[in-house]
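What follows is calculated from the coordinates using simple rules that are stated; it is not laboratory data. Keep in mind that what you see is a predicted model, and the values were worked out from it rather than measured. As a convention, Cβ positions derive from the backbone with ideal geometry for all residues, glycine included, and neighbour counts pool all protein chains shown.
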Amino acid sequence: MEKISVAVRFRPSIAEEAAGERQWRIEDNRISLHRPLGTPISGISFAFDHVFEQSSTNASVYDILIKSIIHAAINGFNGTAFAYGQTSSGKTFTMNGSQLDPGIIPQAVRDIFDTTHMITDREFLVRVSYMEIYNEEINDLLSLGNQRLPVHESLERGVYVAGLREEIVNSADQVLELIKLGEANRHVGETNMNVRSSRSHTIFRMVIESSAKDSTSSVDAIRVSVLNLVDLAGSERIAKTGAGGVRLKEGKHINKSLMILGNVINKLSENGKHRAHIPYRDSKLTRILQPALGGNAKTSIICTVAPEEVHIEETKGTLQFASRAKRITNCAQVNEVLTDAALLKRQKQEIEELRRKLQGQHSEVLEQVILKQRNDMHKSELEREKLAMELQEERKSRQALEHHMGEQQRRIDYLNELLASNDARKLVQGTIHTHSSYEEMSSRNCMSQGNTFTTPIFKAMPDQFVVKRSNHSKAFDSSPLPENFTNTANEDLWLQLNKGFRTDLDALQMTPNVRYRAAQSNDTSIGTDLEEWNTKERCLNLASECKLHALQVDALKEQYDMLERKYSQLREENSSLVQTLSNSNHDVVVLKAQKDELQKDLNYEREKMRDLKEEIRLFGLVFAERECLLNSLYSKSKTMIENFSSSQII
Ligand SMILES: Nc1ncnc2c1ncn2[C@@H]1O[C@H](COP(=O)(O)OP(=O)(O)OP(=O)(O)O)[C@@H](O)[C@H]1O
């Protein structure tokens, strides 16, 4: 068990400090508020793991607070670092930094690649993703088409965002390019407080998998760690940011999710014994950060604050949040995976084989080929996963619809049965003529009543309340309550009562243009008629609802078929990728054989050259010997000739 490490960072003051203002003072990682005259204000003093002054750099924040988490992540521990604070207090500056003073994210990326390159006995696979939570919806910052992604949970993967693009990477520069792309897609906007205010929470995620290089056994564990670097949107006072319209809506979502984060931290900071339910599920942010808050991760929070007097209340709020966060304990452990959940494990054999064969041959180019193939394989895996999920959803909604339709059908059957028994009863009583539709029934009723239509009585009605249509319809300006208000109403009366609301009269047109008379409450056939009428109408409604559902089912079936097609297309693509991979394996084998042949020829030539050299050397030796012999013969004969000539002269 270890505590979350919490630091506070003051951003440089924007305004000149005026005399007579309260001030924050920093002493040995303790922050306290002082009166203008310098005396401390009691009760406003906080201690943290570290406090960074206004002049601090991102490099020092990284070294003191973040580096250990990054190194632990390389060794298999989950890690999270996030920046929390009011708007314009320097969160984005801390996470992203500037050209001159790179922030935590670029420093972490460089550190990861520098460190993993130095570890020679392990092989690493790093993948990255980048998402934002904007107005409580998750968007993929690396793929614009991936919006409103769902959060899922599984035993193997824990809480994860389904369908998020993940890129396998092998250099810091490559990751920094991806971050640039993501930054361009992030929601930012201008407020009174910040010209480039982050309007969403962003989570930059790196998954680091590693395995021992010399391990050949397929049951060896692979370490998988997840590193989240989070730049939260800033809490804001709507009055201060001057937000309206879109900004206001964003601000409400931001404040709400930060409030839920605060709730989670409050609950976690309570004494373990009395700890209540932790509301992780109340927001997407807390759900995704769940392992970082009271779970299996090493976590650092950097709380950024503004030093100005005008922000004292917000700063106090941030410091209180930070104090509570300091009490949270996490339980981080190395994550070792034995199943196929590790990507490295799934890809390892093929890639290893390829790499072994390609060793020494244009290695940079071939590394790129391997990386591309890794990414293609991973992408098609993700795509397949997404499609499988969509298929499952479709299946569920189809099942639900079919179930619903079945229910409707049962209800229709039941109602038909009811009707049939009702008809039978009436036949026995001899009071009903056969009819097959609602219209028939209506006309039968009209005819059987002469020129009058018996309307059912639901409650006790006042005598006979009769509506009579006249042929003219005029709009009236006022509706004085008629003095002679009787039980008989004609259109004029309706118009007076409704201030000329014609819609009511239009509705009345649905009934035959005849004089109506309310039925007497003692008419015994009315109850049955009403039941029959209602039943028929419900039948008609249900039938049309069924038709609609059938249409929906057809559309869903089509969509389902389309998804199936897409799924099988992807499978094909995947198998063609595997085929390409095996082709390139084959090419590598051929290349290697050619190289071996050439090597053999070269060796043969070398040997020949050595023999020739030896021959030349021997020849040189013989030549020198002969030359020596000749020289001595020459000098001997020369001496002899001289001797001979001198003996002749004497
Ligand atoms: N430590 C710092 N050193 C230099 N400049 C800083 C520092 N912190 C913040 N700033 C500057 O202050 C301004 C606001 O900072 P930033 O955008 O990082 O705030 P924020 O907390 O991310 O705001 P929001 O929540 O609105 O997105 C920026 O211009 C940034 O460059």
Tell me the relative contact order for the stretch 1-138 as a rounded percent, counting alpha carbon contacts under 8 Å between residues six or more apart. 18 percent
Principal axis dimensions, largest first and in whole angstrom, of the stretch 2-341 by Cα: 71, 47, 44
Among I179, I119, which comes first, then next, by fewest other beta-carbon atoms within 10 Å? I119, I179
Just to be sure I understand the model, the point goes 7 Å from the Cα along the line to the Cβ. What's the resulting N263 to I44 distance in nm? 2.9 nm
Please get the size of the charge dipole for the stretch 370-424, origin at its Cα centre, with Cβ charges of +1 on Lys and Arg and -1 on Asp and Glu, quoted in debye to the nearest 20. 440 debye
If you take the beta carbon distance between I412 and K592 as r and set R0 to 51 Å, what does 1/(1 + (r/R0)^6) give as a FRET efficiency, to the nearest 0.05? 0.10
Given a Förster distance of 56 angstrom, what is the FRET efficiency for A59 paired with R606, based on the Cβ-Cβ distance and rounded to 0.05? 0.55
Cα-only Rg/Rh for the stretch 1-112 with Kirkwood Rh rounds to 1.03
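Could you sort 105-118, 585-598 so that the peptide with the highest average Cβ count within 10 Å comes first and the rest follow in order?
Highest mean packing first, the order is 105-118, 585-598.
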Within 10 Å, count the other beta carbons around each residue, average over each peptide in 609-621, 133-145, 283-295, and list them highest first. 283-295, 133-145, 609-621
Tell me, what is the FRET efficiency for R122 and R148 to the nearest 0.05, using R0 = 56 angstrom and their Cβ-Cβ distance as r? 0.90
Simple Cβ-charge dipole of the stretch 2-341, Lys/Arg +1 and Asp/Glu -1, about Cα centre, in debye nearest 20: 1180 debye
Gain on full stretching of the segment that runs from R395 to S421 - 0.36 nm per residue minus C-alpha separation: 5.5 nm
Rel. contact order, % - alpha carbon contacts under 8 angstrom, at least six apart, the stretch 2-341: 28 percent
Greater than 22 Å apart at Cα, pairs in K67/K316; K267/K326; K252/K284; K267/K298; K67/K91: K67/K316
Take the alpha-carbon centre of the stretch 9-69, take the same for the stretch 579-636, and report the distance between them in whole Å. 76 Å
Place the peptides 5-13, 41-49, 73-81 in order of packing, highest mean first, counting for every residue the other Cβ atoms within 10 Å and averaging per peptide. 73-81, 5-13, 41-49
